[in-house]
1. Looking only at the range 73-105, which residues are in a loop (DSSP other than H, G, I, E, B), crowded, with 24+ Cβ neighbours inside 10 Å and touching a helix residue (DSSP H, G or I) at 6+ places or on another chain (Cβ under 6 Å)?
2. Tell me which residues, restricted to the range 149-172, are among the aliphatic types (A, V, I, L, M) and under 13 Å from VAL93 (Cβ atoms).
3. Can you confirm whether VAL109 is farther than 17 Å from THR59 by Cα, within 10 Å of the ligand (Cβ to nearest atom) and in a strand (DSSP E or B)?
4. What number goes with the only condition from (1) surrounded by 18 or more Cβ atoms within 10 Å (Cβ to Cβ); (2) touching a residue at least 60 places away in the same chain (Cβ under 8 Å) that ALA117 does not pass?
5. So which of GLY161, GLY178 is touching a residue at least 60 places away in the same chain (Cβ under 8 Å) and either away from the ligand (no atom under 13 Å from the Cβ) or assigned to a helix (DSSP H, G or I) (or both)?
6. Quick test for you: out of LYS125, LYS135, pick the one residue that is of a type in the set (Lys, Arg) and within 13 Å of GLY88 (Cα to Cα).
7. Regarding ALA170, is this residue under 30 Å from GLU80 (Cα atoms) and either modelled with pLDDT under 95 or within 16 Å of the ligand (Cβ to nearest atom) (or both)?
8. Taking the criterion of being more than 17 Å from the chain's Cα centre (by Cα) and at pLDDT below 75, would at least one residue in the range 257-276 satisfy it?
Amino acid sequence: MSEPNVKEVVRDKYGQAALRVTSGEGGCCGNRASAEDASCDPITSNLYEGTQKDEIPDTALKASLGCGNPTALAELKPGEIVLDLGSGGGIDVLLSARRVGPTGKAYGVDMTDEMLALAEENKRKSGLTNVEFLKGEIEDIPLSDNSVDVIISNCVINLSGDKDRVLQEAFRVLKPGGRFAVSDVVVRGHVPVEIKKSIELWVGCVAGALTDEEYRAKLVQAGFDRIDIEATRVYSVDDARAFLSGHGHDVDALVKQVEGKFISAFVRANKPEAACCA
Ligand SMILES: C[S@@+](CC[C@H](N)C(=O)[O-])C[C@H]1O[C@@H](n2cnc3c(N)ncnc32)[C@H](O)[C@@H]1O
């Protein structure tokens, strides 16, 4: 798919997901009447702890479509400026806003109108004032250079058709010394292309997960250092069994090629202090 087509498909899928949350259904991306319904759960379920759940409106939690918990791992400090790439219903923006407090600020960028409307409603319910949702694309972030302390994101960068551009933009808006602290789906090692496509459909509706080596290389290329990729959840073929067999795969034969290779990862990197003056 060309890049504009990827964007259209992603926007359409997540627009529908937002409307499902608004109408009281879950936000899972799959067709609710299909096997994808149950198979979304291992990805998006149980990501947030009890204390975090108490800090946000219930509808923000219901709209959660991530694959990790970046605010729990990003070590946010009072006064910091945080940007969430692909903020969806706003869950990680609201949690960040609580962490950075009134002297800090949390921005969310998303390209899907229905998601932005949901996020604004969740902001209103939260009562938080240090929050701003911006309409935009993560390949062209609507913020100025060197303006953000921490970039977070939750299962979005894998959806972009131009990941190099996303990482360049993240680097541009981060202040020197700023942190990249992102949850994303990552592939460990080689997986045959057709199987990769099927698993990606299962994991995130429409996805293009990088291998850990590709992610590292692209971060280095964008200028980042101190890169670390840590597995936070490892997907089992059994979790995807119903979905994969529905897509024509012999699941028992796949186990060896796929087991343990698809993970949710916490990807950390830093913009070097000297980047401002190079
Ligand atoms: C998997 S959902 C994750 C939402 C949120 N981060 C969460 O954890 O619930 C992906 C979100 O990213 C947005 N998105 C995907 N690609 C994007 C792009 N290129 N630019 C801006 N937003 C994008 C979608 O509109 C959707 O809201």
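1. Once the filter is applied, which keeps residues that are in a loop (DSSP other than H, G, I, E, B), crowded, with 24+ Cβ neighbours inside 10 Å and touching a helix residue (DSSP H, G or I) at 6+ places or on another chain (Cβ under 6 Å), the range 73-105 yields LEU76, SER87, GLY88, GLY89, GLY90.
2. Here is the first cut: in the range 149-172, the ones among the aliphatic types (A, V, I, L, M) are 150-152, 156-157, 159, 166-167, 170.
Residues satisfying the conditions are VAL150, ILE151, ILE152, VAL156.
3. On the way: farther than 17 Å from THR59 by Cα: yes; within 10 Å of the ligand (Cβ to nearest atom): yes; in a strand (DSSP E or B): yes.
Against the criterion (farther than 17 Å from THR59 by Cα, within 10 Å of the ligand (Cβ to nearest atom) and in a strand (DSSP E or B)), VAL109 qualifies.
4. Exception for ALA117: condition (1).
5. Going through GLY161, GLY178 in turn, just one is touching a residue at least 60 places away in the same chain (Cβ under 8 Å) and either away from the ligand (no atom under 13 Å from the Cβ) or assigned to a helix (DSSP H, G or I) (or both): GLY178.
6. Working: LYS125 fails: within 13 Å of GLY88 (Cα to Cα).
Within the list LYS125, LYS135, the selection yields LYS135.
7. Values: under 30 Å from GLU80 (Cα atoms): yes; either modelled with pLDDT under 95 or within 16 Å of the ligand (Cβ to nearest atom) (or both): yes.
Yes: the conditions hold for ALA170.
8. Filtering the range 257-276 for residues more than 17 Å from the chain's Cα centre (by Cα) gives 257-261, 270-276.
Filter again for at pLDDT below 75, leaving 275-276.
Yes, because at least one residue in the range 257-276 is more than 17 Å from the chain's Cα centre (by Cα) and at pLDDT below 75.
The values are calculated or read from the model by the stated rules, or taken from the named source; none is laboratory data. In this text, all values refer to a predicted model and were calculated from it rather than measured experimentally. Cβ: placed from backbone, ideal geometry, glycine included. Neighbour counts: every protein chain shown.
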